[in-house]
Structure formats: structure tokens, C-alpha cells
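Beneath this line is the structure, given in C-alpha cells, with notes to follow.
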């Protein structure tokens with residue numbers, strides 16, 4: 001059995017090539033098997049934290065959230081992507097696969113360190129929609145204006161490690177700063193709408209950026225602050241026994257620095273226009289499938305240099321997070337390719353992906369990888385074989401399992417089918433909250449069947465009952481959503497797939513986590529042996 005240290009936990013790889021999530025303890029390592037590695041955590045986007053800025057940040061409230069996780073003996077905080085957001089406000093459609101979201105910078109720290117003054121913060125709080133909602137429109141207008149006030153002081157007295165930061169991250173940082181600087185000269189239009197001479201990175205784009213050095217410095221500065229603040233917060237989490245689960249989307253946005261600076265990585269024509277884009281095929285939920293529009297990688301070209309860009313991306317992500325959840329894992333086995341410009345996704349076809357080769361190459365360069373495979377959706381034998389080859393744990397979504405009960409069908413998403421090497425959820429950020437699902441979407445038949453399956457008692461709500469089932473499952477890891485722990489309805493839903501305009505807005509109100517909620521989570525953790533030093537549940541006298 002191999003044991004590799006990740007963060008302040010351990011990644012255990014057994015003789016059967018099963019990757020076991022990092023945990024705070026390990027019992028009985030006989031015959032190459034690792035047992036009793038049960039742990040739990042909470043899914044909570046940074047943007048959803050409370051605070052005075054108008055969006056969650058890496059500030060005081062994030063540290064308080066880690067304290068809450070530690071007090072309740074959780075092991076993981078799943079944060080979702082920390083990347084920049086563009087149209088639609090989704091971190092899954094980012095301008096860069098590497099750059100962080102400047103909205104998350106701790107403004108109070110900039111005040112304490114002298115880069116901002118109290119007068120600079122007069123625009124706060126940002127947002128007229130209320131403390132429970134992110135107002136992206138006002139953030140866009142006011143947040144940058146605040147950070148720009150720090151720039152002259154920053155240039156005059158940069159931190160000692162700033163130059164080293166720029167040097168170490170130059171491979172992605174400089175293209176990103178150039179991309180954003182030029183984008184701002186053309187009213188933030190997508191790069192493929194810029195004047196033709198700037199649509200690909202080169203001498204002319206560099207010349208234009210040289211005329212706007214302050215803008216370049218602004219983007220370097222904000223990335224420095226983002227990475228500095230996040231690494232401090234992550235260290236605090238690790239020091240308190242919490243590991244960070246971060247998400248990386250498989251695809252990048254069409255309007256991204258990667259497409260602008262390295263179009264050869266993608267399936268494009270000679271003008272840099274995608275020849276095919278990503279989506280999903282028609283299914284029971286949609287007659288035309290989902291048309292995502294993300295450019296698709298030229299996997300044959302990537303394979304020629306040993307998937308170097310992907311290895312760089314994974315390495316950078318593992319410096320940000322302790323564990324990676326790779327979104328749309330099935331796309332590595334086979335992906336749905338839609339001809340660019342098609343009316344909808346039904347015109348696509350399945351195309352074979354890179355398969356085992358990409359993960360074997362990454363393992364050779366980086367060692368054993370702490371990855372969760374988001375293996376949801378249309379699962380085929382090749383996807384299952386790829387997941388088994390890597391040993392990555394897959395995901396189970398209990399909400400999906402209950403939906404099958406409407407037709408009296410069994411489902412592999414019901415806990416009696418779970419296996420140890422899985423991560424169990426009530427739902428992800430794309431699902432309704434449990435209370436919202438039970439109230440708005442579940443049929444009377446499903447509600448009755450779910451309550452019966454869960455042995456739901458009169459003194460618990462549906463969210464408590466489902467979280468209990470997830471905790472009791474044999475899955476090594478279970479992740480609760482914060483909205484479900486709070487018992488919130490669909491007004492607290494994070495994202496509705498294939499829609500824009502009203503997503504990624506929910507925020508937790510200050511004081512929402514009560515002693516009663518903490519006690520409930522602690523009881524779940526003890527009762528179902530998801531605590532490192534648990535000797536058994538604390539039973540009432």
C-alpha cells in the first residue's frame with residue numbers, strides 16, 4: 001500500500017488501485033486494504049458566504065465558516081470553482097482556467113495593510129437586492145473602482161514576494177493580463193469580436209498592452225491579492241483539520257484567454273472559429289439536448305506533447321485545493337460534439353476522448369491524484385472502465401434516486417446500491433434544494449415513497465431525513481449542502497442548468513448557523529462514525 005501526503009491529510013492508494021480520499025485517520029491496513037476512512041463535509045460556494053462587500057470573500061466570514069466546520073468535526077469544505085466569472089455570472093464559464101475571481105479579495109485586509117483607506121470603502125456594502133443575494137450588476141460597477149484605488153499605493157510599495165509571484169505564474173498570468181487589458185479597450189466584447197489584428201495574441205496585442213501598463217498592473221495586482229488571500233485561508237483550514245475540495249470544469253469558455261492565446265489546443269478552423277462545441281445529447285429531460293457552446297480540445301494534438309497544458313492545469317489546481325472534483329468526467333471517455341452553429345445539440349455525435357492516456361500521463365508527472373470523478377449523466381461502460389482504471393471515487397446523488405420512485409423503478413442513486421469508494425450527496429449546486437425539490441417538483445407518490453424509504457420521523461423535515469440517509473450510507477465521504485443544513489427552499493438554489501440571469505446569487509445571512517444547526521451536524525457526524533476519533537454515537541441517557 002502506498003501512502004502519499006496531500007495537504008495535512010493523506011491519500012491512500014491500496015493494492016487494488018482504489019484511491020481513498022484524504023482523511024484524518026486510517027484503521028486496519030491489513031492485506032493492502034484501508035478501512036474505516038469515513039468523513040464528511042459541506043458544499044458552500046465562497047460567493048455565498050455572508051459579509052459586508054456584497055458577495056462572499058476570503059475575509060473574516062470565511063475564517064468563521066472554517067471554525068464552524070472544525071467545531072462540527074467536518075473534514076471537507078467544497079468551494080466550487082474560484083475562477084473569474086463572465087456573462088451569466090457562472091464560474092464554470094470563466095475568462096481563464098487559472099486566474100482567480102477578484103471579487104473574493106479580502107478588502108478588510110487591504111485596509112489593514114494600507115492599500116485602501118476607509119474613504120475608499122464608502123461604496124460598501126455593494127448591492128441593493130439584500131444581504132441574501134449577490135447583486136452582480138452593482139458589483140461590476142463598484143468593486144473594481146474600489147480596487148483601482150489601491151493600485152497607486154501598490155505600485156509605489158509592492159510586497160516583497162510580488163515579483164516572485166509574477167515570475168512563478170508568468171505562463172498564465174501574462175496572457176491573462178493582456179487578454180483582459182485588450183478586452184477593456186473594446187468595451188468588454190468577446191475577443192472574436194475585436195478588430196481582426198488583435199484576435200490572436202502577438203506583437204500587435206503586446207504593443208497595445210504596452211500603452212496601457214496601468215491596466216496590466218491592475219490585473220497582476222488583483223491576481224496577487226487573490227492568491228495571497230486564498231493561500232492564507234487554505235492554510236488556516238488545513239491547520240484546523242479541514243481539506244478543501246475544489247472544482248475544475250473540463251472545458252473553458254469560448255471567450256477565454258486560452259482560446260485567444262492558444263487556439264491550436266482546440267478544434268478550430270484557420271480563423272480560430274470552433275469547428276465543434278460541447279453539449280449533451282437529447283434525453284428524457286430535453287428533446288434537443290443541451291447546447292453548451294464550449295470549444296472542444298484537439299485531443300490528438302494535446303497527446304503529442306504529453307498533455308502538457310492539462311498537467312500544468314492540474315498542478316496549479318492542486319496548489320489551490322487539496323482535492324479536485326473534475327466536472328463532466330465522462331467527457332474524457334467520450335464527448336458529445338456539436339457542429340458549430342447548429343440550431344441545437346441534437347445535431348451532435350459521440351466522439352472518443354483521450355481516455356486513460358491523459359490520467360496516466362498526469363500520474364507519471366504528478367504522482368497519485370486526489371480527484372473526485374463527476375460521473376453523473378449518461379454513463380456507459382467506457383466511462384465506468386475509465387473511472388475504475390483511475391481509482392477515482394465517483395458521485396451519488398440521492399435526489400436522482402428518489403425521482404425514479406415515481407415509476408416504481410430502482411436506482412443506483414439510492415443508498416442501498418452505494419459502494420465505499422463514492423462521494424454521496426443529497427444534491428449538487430445544479431440541483432434544487434431538498435426542501436424545494438420536495439415541495440415544488442416531487443410528485444405526491446415520490447413524496448410518500450421517499451418518506452417511507454427514509455423512515456422519516458414526525459420531528460424532522462425532509463432535508464434532515466435525506467442528510468441522515470447520506471450520512472448513514474457506506475460511502476467513504478458524504479457532502480452536505482449548506483442550504484439543506486439550513487432547511488431552505490428553492491429561493492436558495494445556486495444554479496439552474498442551461499439558464500442565465502438568476503443563478504449564483506444566493507448568500508447565507510449573518511447568524512444563520514445557529515447552535516441547534518451545529519448540534520444537528522455534530523450529532524450526524526458522531527452517529528454515523530464520520531468523525532476521526534469517534535468511538536461510537538453519543539446515545540441519550
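Looking at the chain only, what percent of DSSP beta bridges run antiparallel? Nearest 5 please.
For the chain, the DSSP antiparallel bridge percentage is about 50.
What's the angle, to the nearest 10 degrees (0 to 90), between helix 60-71's Cα axis and the longest principal axis of the chain?
Result, in degrees: 20.
Order these peptides, 107-114, 82-89, 440-447, by their mean beta-carbon neighbour count within 10 angstrom, highest first.
The packing order, highest mean first, is 82-89, 107-114, 440-447.
So how far apart, in nm, are the two label points at residue 239 and residue 300 if each is 7 Å from Cα heading toward Cβ?
5.2
Can you bin every Cα-Cα distance in segment 325-433 into 10 Å intervals starting at zero and give me the percent of pairs per bin, rounded to whole numbers?
The percentages, shortest bin first, are 13, 38, 33, 15, 1.
Please report how far the C-alpha centroid of segment 67-83 lies from that of segment 421-499, rounded to the nearest whole angstrom.
19
Over all directions, how big on average is the projection of the convex hull of the alpha-carbon atoms in segment 229-283, in square nanometres?
The directionally averaged projection comes out at 6.8 nm².
Given 0.36 nm per residue, what is the gain on full extension from residue 197 to residue 129 after removing their alpha carbon distance, in nm?
20.4 nm
Give the Cα extents of segment 242-355 along the principal axes, in whole Å, largest first.
Per principal axis, max minus min of the Cα coordinates gives 43, 37, 25 Å.
Please tell me the relative contact order of the chain in percent, rounded to the nearest whole number, where contacts are Cα pairs under 8 Å and at least six residues apart. Present the calculation step by step, with values, prior to reporting the outcome.
On the way: 961 pairs, mean separation 95.6, N = 541.
The value is 18 percent.
Only helical DSSP H runs with n ≥ 4 go in: add -39500 (n - 2.57) per run for the chain, normalise by residue count and round the 222 nm mean residue ellipticity to 500 deg cm²/dmol.
Rounded to the nearest 500, it is -10000 deg cm²/dmol.
Could the peptides 339-345, 250-256 be put in order, highest first, of the mean number of other beta-carbon atoms found within 10 Å of their residues?
Details: 339-345: 14.4, 250-256: 23.0.
In descending order of packing, they fall as 250-256, 339-345.
Post the alpha-carbon centroid distance, segment 296-326 to segment 228-256, in whole angstrom.
Measuring centre to centre over Cα atoms gives 16 Å.
Round to the nearest 10 and give me the degree value, 0 to 90, for the angle of helix 462-472's Cα axis relative to the longest principal axis of the chain.
Around 80 degrees separate the two axes.
For Rg and Dmax of the Cα atoms in Å, the listed values are [x] 22.3, 67; [y] 31.6, 93; [z] 23.3, 77; which was obtained by calculation from the structure presented?
Answer label, from the structure shown: [z].
Between residue 141 and residue 388, what is the spin-label point distance in nm, taking each point 7 Å from the Cα along the Cα→C-beta axis?
5.7
Relative to the present Cα-Cα distance, how much length would full extension add between residue 409 and residue 162 at 0.36 nm per residue of separation?
83.1 nm
Which angle between 0 and 90 degrees, to the nearest 10, do you get for helix 515-527 versus the longest principal axis of the chain when only C-alpha atoms count?
Long axis of 515-527 versus the principal axis of the chain: about 60 degrees.
Where a number appears in this text, it was derived from the coordinates with a stated rule and is not lab data. Quantities reported herein were computed from a predicted structural model and do not represent experimental measurements. Note: ideal-geometry Cβ built from the backbone for every residue, glycine included; neighbour counts use all protein chains shown.
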